[in-house]
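Down below is the structure, laid out as structure tokens.
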Amino acid sequence: MPNFFKKHGTEHVKDKMEPITFANWKNKVVLPEQVLEKISPGMSIFISTGVSEPRTLVKHLMKSDAGNLQDLELIQVLSLGDAISLKELKQHKYRLKTFFSGWIANDAIMAGRVDLIPCRYSQIPKLLEARSFPIDVVFVQITPPNESGYCSFGASVDVARIAMNRASFVVGEINPLVPVTFGDTFVHISDFDMIVESDAPMIYFNRWPKDDVFDKVAYNVASLIEDGSCIVFSIGPLFDALSKHLTHKRDLGIQSPIFTDALMEVIQSGAVTNRRKYFYPGKSLCCYALGTPELMKWLHRNPLVEFQGIDQVFNPNRIGMNPNIVAIIHARKIDLSGRIALHTGKGNIASGPAEVIDYFSGANISEGGFAVFALPSRNLKGESNIMISVEKFPNRFSMRESIEIIVTEYGIAHLRGKSIRERAQALIDIAHPEDRESLVKKAKREKILYEDQIYIAESAHFYPESIATMQGFKNNLKVRFRAIKPSDEEGMRRLFYRFSDEAVYYRYFTPVKTMPHSKMQEYVNINYKQVMSIIGILDDQDLIIAEARYIKHPDKPFADIAFVVDEEYNGSGIATFMFKKLIQIAKDAGLKGFTADVLSSNIGMMRVFEKGGLTIKSKLEYGAYELTIPFDTNTDAFHYQYPKQ
């Protein structure tokens with residue numbers, strides 16, 4: 001874990017009180033001790049959140065031995081545990097209430113020293129407005145006022161304005177290092193009863209160190225994000241790695257609780273325009289900013305970033321107004337049924353159930369939107385993050401019925417519409433290769449998978465991830481191509497039953513009527529050293545519509561090849577694309593050519609072979625052509641001649 005906090009801790013304040021007049025805001029400036037004299041035992045004090053924590057005021061509050069500072073209730077939406085430390089909370093002079101269980105607060109909550117208020121973030125403003133709990137005092141960090149007397153909340157907005165309207169005593173801590181941000185961030189100096197000055201640096205967050213595993217996870221996540229998508233970000237190694245994989249995108253939008261250095265880089269690359277957003281178009285919307293001094297400098301008076309309160313940024317209905325929302329959520333664990341365990345503790349900023357549910361719901365409302373749960377296949381101890389059950393883990397997100405997409409460094413599992421058995425197969429396919437055999441055995445014992453489920457352990461290490469690609473065809477058809485996996489059993493079975501009798505006969509040379517589990521699982525569990533199978537998947541439906549495979553001959557450097565394409569998509573060019581793809585894969589594997597058997601009436605398949613650009617040697621026997629297709633163009637061959645009609 002990197003060293004996130006860069007702390008210093010100097011204060012600079014006036015040494016005497018002056019009469020308060022609006023003409024000179026400095027007349028409101030007092031010493032921190034003078035503010036604390038106004039506090040009475042039992043009061044509730046709201047403290048602004050995140051990097052906008054008024055550290056000078058809070059540190060004086062924590063260190064003071066004044067008799068009136070007893071039995072105080074401190075309220076923060078998100079506590080980073082900087083000024084309000086666990087050590088101070090042990091003294092029982094103060095009790096912290098928070099809506100967020102992440103970061104350092106998690107340990108204190110588990111120890112019983114901090115009260116967690118379970119609440120969806122979008123509902124927090126309603127709790128405050130309904131006076132569900134008292135707020136007597138507000139401490140907020142602000143910028144110096146401009147010529148008109150307006151200050152900015154800077155890098156944290158959340159519910160500070162609502163809290164100020166509720167309290168009878170409001171104190172602003174002015175810090176010139178706080179960036180002036182735009183949006184619902186401005187408050188007039190006359191709204192404060194007292195002012196404390198500070199030159200203490202803000203709380204800064206270093207970037208996460210580069211990590212190859214997270215880079216692969218991020219690459220897979222980025223492959224799901226299309227141009228024009230509106231993305232939800234957070235902070236952490238996944239998101240730092242993701243930024244570089246988004247820089248080639250176009251017209252992205254941002255509606256995210258947290259703005260980070262990684263998001264700054266994506267905007268600077270030109271990938272973000274926010275043009276396709278319906279909610280705050282042209283603006284990147286957020287509540288908080290967490291990051292380096294460079295980020296805070298970039299945010300200062302930057303009109304591209306709009307800071308709004310929780311009621312705007314976390315509202316699922318408003319999130320859903322934007323088309324193609326992609327909510328990216330860093331998960332901790334997932335079980336084979338699709339239940340998620342989210343992160344806890346330090347490093348966890350915005351991935352507790354209360355924070356996730358609003359963006360998860362908004363993504364489901366959004367036209368074309370979806371949520372992605374991403375995680376490495378293993379934790380730092382080398383233990384599998386894909387499990388039989390996550391029941392023993394805290395921070396569970398159990399809406400498995402709505403969870404659609406899981407990503408690891410080994411691929412993408414699409415869970416929508418799949419049974420528990422199919423989910424288990426898909427998730428095992430993206431587990432760490434060395435964990436898959438064990439997961440299969442455990443799933444069999446738990447009756448999640450069939451008892452006769454085949455698993456070829458060796459194949460897990462040779463899965464050809466690099467051949468995955470996306471290709472466009474006629475009529476705006478987009479198809480994803482990748483190597484077949486064991487979890488494709490059901491998809492291939494459904495493809496088989498969509499074929500006409502003629503198509504089945506062309507493919508299998510026999511009138512096959514059924515394709516039960518016992519046959520199909522043998523078909524999809526392959527040894528990638530001997531067999532290569534590419535499937536084509538409709539990008540918007542996760543529906544297998546095509547397959548092409550070759551099987552190496554045992555006695556010569558050739559492979560037998562066969563194709564099948566859903567008849568609805570015949571003539572689209574899919575078969576030709578897969579043929580050329582297999583040619584390249586076979587050449588890379590050291591093969592010298594293909595062989596194939598094609599019925600003489602299957603003119604469409606013969607045309608596919610011709611479009612491959614290779615010479616074809618053919619022999620007609622018993623109504624079928626035996627084809628030899630060498631890769632060496634100098635090889636003697638003759639072209640196939642279409643039979644006369």
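Determine if region 244-252 includes at least one residue that is surrounded by 20 or more Cβ atoms within 10 Å (Cβ to Cβ), within 19 Å of Leu295 (Cβ to Cβ) and assigned by TED's automatic domain parsing to the domain that holds Asn364.
Checked region 244-252: at least one residue is surrounded by 20 or more Cβ atoms within 10 Å (Cβ to Cβ), within 19 Å of Leu295 (Cβ to Cβ) and assigned by TED's automatic domain parsing to the domain that holds Asn364.
Just to be sure before I move on: is Ala589 touching a residue at least 40 places away in the same chain (Cβ under 8 Å) and among the small types (Gly, Ala, Ser) in the structure I sent?
The answer is yes for Ala589.
Determine whether region 227-239 contains at least one residue that is part of a helix (DSSP H, G or I), under 15 Å from the mean Cα position of the chain (by Cα), aliphatic (A, V, I, L, M) and surrounded by fewer than 24 Cβ atoms within 10 Å (Cβ to Cβ).
no
State whether the residues of region 440-454 include one that is at pLDDT 90 or above, hydrophobic (A, V, I, L, M, F, W, C), over 17 Å from Ile412 (Cα atoms) and part of a strand (DSSP E or B).
Within region 440-454, none of the residues are at pLDDT 90 or above, hydrophobic (A, V, I, L, M, F, W, C), over 17 Å from Ile412 (Cα atoms) and part of a strand (DSSP E or B).
Please work out if Phe307 is modelled with pLDDT under 95 and either assigned by TED's automatic domain parsing to the domain that holds Pro257 or among the β-branched types (Val, Ile, Thr) (or both).
The answer is no for Phe307.
Looking at region 194-203, is at least one residue free of Cβ contacts under 8 Å to residues at least 40 places away in the same chain and outside the structural domain of Cys286 (by TED's automatic domain parsing)?
no
Mind listing just one residue for me: the one in region 539-569 that is of a type outside the set (Asp, Glu) and assigned to a loop (DSSP other than H, G, I, E, B) and, of those, farthest from Gly612 (Cα to Cα)?
Looking at residues that are of a type outside the set (Asp, Glu) and assigned to a loop (DSSP other than H, G, I, E, B), I get Gln541.
Do we find a residue being out of contact with any Asp or Glu (no Cβ under 6 Å at 6 or more places or on another chain) and farther than 22 Å from Val157 by Cβ anywhere in region 314-325?
yes
Residue check: is His432 within 18 Å of Asp215 (Cα to Cα), touching a helix residue (DSSP H, G or I) at 6+ places or on another chain (Cβ under 9 Å) and not charged (D, E, K, R)?
Against the criterion (within 18 Å of Asp215 (Cα to Cα), touching a helix residue (DSSP H, G or I) at 6+ places or on another chain (Cβ under 9 Å) and not charged (D, E, K, R)), His432 qualifies.
Given the criteria assigned by TED's automatic domain parsing to the domain that holds Tyr278 and assigned to a helix (DSSP H, G or I), does Ala426 qualify?
Yes, satisfied.
Could you tell me which residue of region 112-132 is modelled with the highest pLDDT, considering only residues that are in contact with a Leu (Cβ under 8 Å, 6 or more places away or on another chain) and farther than 17 Å from Asp158 by Cα?
Here the answer is Asp115.
What are the residue pairs meeting all of these: first residue in region 422-448, first residue on the phi > 0 side of the Ramachandran plot, second residue buried (at least 24 other Cβ atoms within 10 Å of the Cβ), Cβ atoms under 9 Å, and 6 or more apart or on different chains?
none
Taking region 462-472 as the region of interest, how many residues are in a loop (DSSP other than H, G, I, E, B), under 13 Å from Pro433 (Cα atoms) and within 26 Å of the chain's Cα centre (by Cα)?
Residues meeting the conditions: 2.
Name the residue that is surrounded by the fewest Cβ atoms within 10 Å (Cβ to Cβ), counting only residues in region 591-609 that are within 43 Å of the chain's Cα centre (by Cα) and within 16 Å of Pro630 (Cα to Cα).
This residue is Lys592.
If we scan region 80-89, do we find a residue that is farther than 25 Å from Pro201 by Cα, crowded, with 20+ Cβ neighbours inside 10 Å, modelled with pLDDT under 90 and touching a Leu at 6+ places or on another chain (Cβ under 8 Å)?
no
Is it the case that some residue within region 330-346 is over 16 Å from the mean Cα position of the chain (by Cα) and closer than 19 Å to Val51 by Cα?
yes
For region 116-161, enumerate the residues that are of a type in the set (Val, Ile, Thr) and over 25 Å from Pro303 (Cβ atoms).
Selection gives Ile117, Ile124, Ile135, Val137, Val138.
Restricting attention to region 30-44, does a residue exist that is over 19 Å from Leu128 (Cα atoms) and without any contact (Cβ under 8 Å) to a residue 24 or more places away in the chain?
The answer is no; no qualifying residue exists.
Only one residue in Leu375, Leu380 is aliphatic (A, V, I, L, M), crowded, with 22+ Cβ neighbours inside 10 Å and either in contact with a Gly (Cβ under 6 Å, 6 or more places away or on another chain) or more than 18 Å from Ala443 (Cα to Cα) (or both), so which one is that?
Within the list Leu375, Leu380, the selection yields Leu375.
When you go through Ser148, Ser190 one by one, which is the residue that is over 38 Å from the mean Cα position of the chain (by Cα), in a helix (DSSP H, G or I) and surrounded by fewer than 20 Cβ atoms within 10 Å (Cβ to Cβ)?
Checking each option against the conditions leaves just Ser190.
So that you can scan it fast, the table gives a plain yes or no per residue for (1) modelled with pLDDT of 95 or more; (2) more than 20 Å from Met492 (Cα to Cα); (3) in contact with a Leu (Cβ under 9 Å, 6 or more places away or on another chain):
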| residue | (1), (2), (3) |
| --- | --- |
| Ile535 | yes, no, yes |
| Ala546 | no, no, yes |
| Lys556 | no, yes, no |
| Ile561 | no, no, yes |
| Glu568 | no, no, no |
| Ile629 | no, yes, yes |
| His639 | no, yes, no |
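Yes/no matrix, rows are residues, columns are (1) among the charged types (D, E, K, R); (2) assigned by TED's automatic domain parsing to the domain that holds Leu36; (3) in contact (Cβ under 8 Å) with a residue 40 or more places away in the chain; (4) at positive phi:
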site: Ile124; (1), (2), (3), (4): no, yes, yes, no
site: Leu128; (1), (2), (3), (4): no, yes, no, no
site: Val140; (1), (2), (3), (4): no, yes, yes, no
site: Phe153; (1), (2), (3), (4): no, yes, yes, no
site: Asp158; (1), (2), (3), (4): yes, yes, yes, yes
site: Ala163; (1), (2), (3), (4): no, yes, yes, no
site: Thr181; (1), (2), (3), (4): no, yes, yes, no
site: Phe192; (1), (2), (3), (4): no, yes, yes, no
site: Phe205; (1), (2), (3), (4): no, no, yes, no
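Of the numbered conditions (1) in contact (Cβ under 8 Å) with a residue 24 or more places away in the chain; (2) under 16 Å from the mean Cα position of the chain (by Cα); (3) closer than 18 Å to His330 by Cβ, Gly291 satisfies every one except a single condition; which is it?
Going through (1) in contact (Cβ under 8 Å) with a residue 24 or more places away in the chain; (2) under 16 Å from the mean Cα position of the chain (by Cα); (3) closer than 18 Å to His330 by Cβ one by one, Gly291 breaks only (2).
The values are calculated or read from the model by the stated rules, or taken from the named source; none is laboratory data. Remember, it's a predicted structure, so these values are computed and weren't measured experimentally. No Cβ is skipped: glycine too gets one built from the backbone with ideal geometry, and neighbour counts run over all protein chains shown.
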